[in-house]
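Enquirer: I'd like to ask you about the structure that follows.
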Amino acid sequence: MHFVALDFETGDYAPNSAISIGLVKYTNGKKTDEYYSLICPPKLYIRPDFTEIHGLRVKDVEDAPLFSQIWAAVKEFIGDFPVIAHNAGFDMGVLCALIAHYKLDLPSIQYYDSVFIARKTWPELACHKLTFLGQNFGIQYEAHNALADSDTCAQIIVKAAEKQGAKKLADLSPRYYQLKKLWERKFG
């Protein structure tokens with residue numbers, strides 16, 4: 001199973017307010033690489049209630065690169081792998097907003113939502129939030145850290161694949177999305 005798990009943390013409710021990104025790559029069902037970066041948002045502001053969630057402050061990101069400065073590395077890291085995110089509509093919406101804000105090239109990315117996969121795999125669970133799933137499966141991690149969240153998402157997908165006997169993401173979910181279609185709905 002090949003995929004890249006992705007997670008963003010944001011500074012406020014604006015979708016282009018990303019302040020960190022975490023990516024974890026799995027090849028043949030094993031973690032093979034990871035990428036993390038703080039991001040200086042277009043508007044240098046972080047809501048205090050958001051800081052309470054992820055712990056990041058303006059002083060943490062004010063000298064970080066702009067998303068446009070790390071985009072080439074992010075694209076290269078993802079390559080042609082499908083992307084998985086927990087509540088993918090949020091994270092892929094952030095990605096689209098950043099691409100639009102900086103007028104970057106739009107890659108062809110197929111993505112899946114791990115919430116949908118978790119609900120399908122474990123319908124008996126009362127909750128399918130990432131923190132709940134992590135606790136349920138004994139995954140120790142720092143919630144709301146973009147790298148830790150993407151790594152936990154990836155581990156949950158591997159557990160779902162083991163339970164379902166899946167060899168690829170498409171075996172876990174017939175429901176997948178295209179970044180270009182999301183882009184067209186939001187910015188087209």
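Enquirer: If you check Pro41 against the conditions, is it crowded, with 20+ Cβ neighbours inside 10 Å and either outside any strand (DSSP E or B) or among the charged types (D, E, K, R) (or both)?
Expert: Numbers: crowded, with 20+ Cβ neighbours inside 10 Å: yes; either outside any strand (DSSP E or B) or among the charged types (D, E, K, R) (or both): yes.
Against the criterion (crowded, with 20+ Cβ neighbours inside 10 Å and either outside any strand (DSSP E or B) or among the charged types (D, E, K, R) (or both)), Pro41 qualifies.
Enquirer: Of the residues that make up segment 49-68, is at least one in contact with an Asp or Glu (Cβ under 6 Å, 6 or more places away or on another chain) and crowded, with 21+ Cβ neighbours inside 10 Å?
Expert: No, segment 49-68 has no match at all.
Enquirer: Output the residues belonging to segment 67-89 that are touching a residue at least 40 places away in the same chain (Cβ under 8 Å) and hydrophobic (A, V, I, L, M, F, W, C).
Expert: Phe67, Ile70, Val74, Phe77, Ile78, Phe81, Val83, Ile84, Ala85, Ala88
Enquirer: Next up: Please verify whether Ile70 is in contact with a Leu (Cβ under 7 Å, 6 or more places away or on another chain) and under 22 Å from Lys25 (Cβ atoms), treating the condition exactly as stated. Don't jump to the end; show me each part of the working.
Expert: Numbers: in contact with a Leu (Cβ under 7 Å, 6 or more places away or on another chain): no; under 22 Å from Lys25 (Cβ atoms): yes.
Judged against the criteria, Ile70 is not a match.
Enquirer: Please find, within segment 1-22, the residue that is nearest to Leu56 (Cα to Cα) out of those that are among the aliphatic types (A, V, I, L, M) and surrounded by fewer than 24 Cβ atoms within 10 Å (Cβ to Cβ). Even if it seems obvious, please write down each step before you answer.
Expert: First, pick out the residues of segment 1-22 that are among the aliphatic types (A, V, I, L, M): 1, 4-6, 14, 18-19, 21.
Keeping just the survivors that are surrounded by fewer than 24 Cβ atoms within 10 Å (Cβ to Cβ) gives 1, 14.
Details: Met1: 33, Ala14: 16 Å.
Within segment 1-22, the match that is nearest to Leu56 (Cα to Cα) is Ala14.
Enquirer: Follow-up question, since we're still on this one. Looking only at segment 82-106, filter to residues that are more than 16 Å from the chain's Cα centre (by Cα) and either of a type outside the set (Gly, Ala, Ser) or in a loop (DSSP other than H, G, I, E, B) (or both); which one of those is modelled with the lowest pLDDT?
Expert: Ranking the candidates gives Leu106 first.
Enquirer: A follow-up question, please. Inspect segment 13-30 for any residue being small (Gly, Ala, Ser) and within 25 Å of Ala161 (Cα to Cα) and give the result as yes or no. Outline the logic, then answer.
Expert: Within segment 13-30, the subset small (Gly, Ala, Ser) is 14, 17-18, 20, 22, 29.
Filter again for within 25 Å of Ala161 (Cα to Cα), leaving 22, 29.
Yes: one or more hits.
Enquirer: For Ala143, which of the numbered conditions (1) assigned to a helix (DSSP H, G or I); (2) in contact with a helix residue (DSSP H, G or I) (Cβ under 7 Å, 6 or more places away or on another chain) fails to hold?
Expert: Going through the list (1) assigned to a helix (DSSP H, G or I); (2) in contact with a helix residue (DSSP H, G or I) (Cβ under 7 Å, 6 or more places away or on another chain), Ala143 breaks only (1).
Enquirer: Let me ask you something else. Would you confirm whether or not segment 119-128 contains a residue that is in contact with a helix residue (DSSP H, G or I) (Cβ under 8 Å, 6 or more places away or on another chain), part of a helix (DSSP H, G or I) and surrounded by fewer than 19 Cβ atoms within 10 Å (Cβ to Cβ)?
Expert: The answer is yes, given that some residue of segment 119-128 is in contact with a helix residue (DSSP H, G or I) (Cβ under 8 Å, 6 or more places away or on another chain), part of a helix (DSSP H, G or I) and surrounded by fewer than 19 Cβ atoms within 10 Å (Cβ to Cβ).
Enquirer: I would also like to ask the following. Within segment 172-185, work out how many residues are within 15 Å of Arg119 (Cα to Cα) and out of contact with any strand residue (DSSP E or B) (no Cβ under 7 Å at 6 or more places or on another chain).
Expert: Residues meeting the conditions: 3.
Enquirer: Ok, one more. Only one residue in Ala161, Ala64 is under 21 Å from Ser20 (Cα atoms), touching a Leu at 6+ places or on another chain (Cβ under 8 Å) and either touching a residue at least 60 places away in the same chain (Cβ under 8 Å) or part of a loop (DSSP other than H, G, I, E, B) (or both). Which one?
Expert: Numbers: Ala161 fails: under 21 Å from Ser20 (Cα atoms).
Among Ala161, Ala64, only Ala64 is under 21 Å from Ser20 (Cα atoms), touching a Leu at 6+ places or on another chain (Cβ under 8 Å) and either touching a residue at least 60 places away in the same chain (Cβ under 8 Å) or part of a loop (DSSP other than H, G, I, E, B) (or both).
Enquirer: Hey, any hits in segment 151-163 for a residue that's over 19 Å from Lys31 (Cβ atoms), surrounded by fewer than 19 Cβ atoms within 10 Å (Cβ to Cβ) and either at pLDDT 95 or above or in contact with a strand residue (DSSP E or B) (Cβ under 8 Å, 6 or more places away or on another chain) (or both)? Write out each step before concluding.
Expert: Of segment 151-163, the ones over 19 Å from Lys31 (Cβ atoms) are none.
Within segment 151-163, none of the residues are over 19 Å from Lys31 (Cβ atoms), surrounded by fewer than 19 Cβ atoms within 10 Å (Cβ to Cβ) and either at pLDDT 95 or above or in contact with a strand residue (DSSP E or B) (Cβ under 8 Å, 6 or more places away or on another chain) (or both).
Enquirer: Residue under question is Gln135, and the condition is that it be surrounded by fewer than 21 Cβ atoms within 10 Å (Cβ to Cβ) and in a helix (DSSP H, G or I); does it hold? Outline the logic, then answer.
Expert: Working: surrounded by fewer than 21 Cβ atoms within 10 Å (Cβ to Cβ): yes; in a helix (DSSP H, G or I): yes.
The answer is yes for Gln135.
Enquirer: Hey, another quick one. Which one of the conditions (1) of a type in the set (Gly, Ala, Ser); (2) at pLDDT 95 or above; (3) crowded, with 17+ Cβ neighbours inside 10 Å does Ala72 fail to meet, given that it meets all the rest?
Expert: For Ala72, the failing item is (3).
The values are calculated or read from the model by the stated rules, or taken from the named source; none is laboratory data. Remember, it's a predicted structure, so these values are computed and weren't measured experimentally. Please note: Cβ atoms are built from the backbone with ideal geometry, for glycine as well, and neighbour counts cover all protein chains shown.
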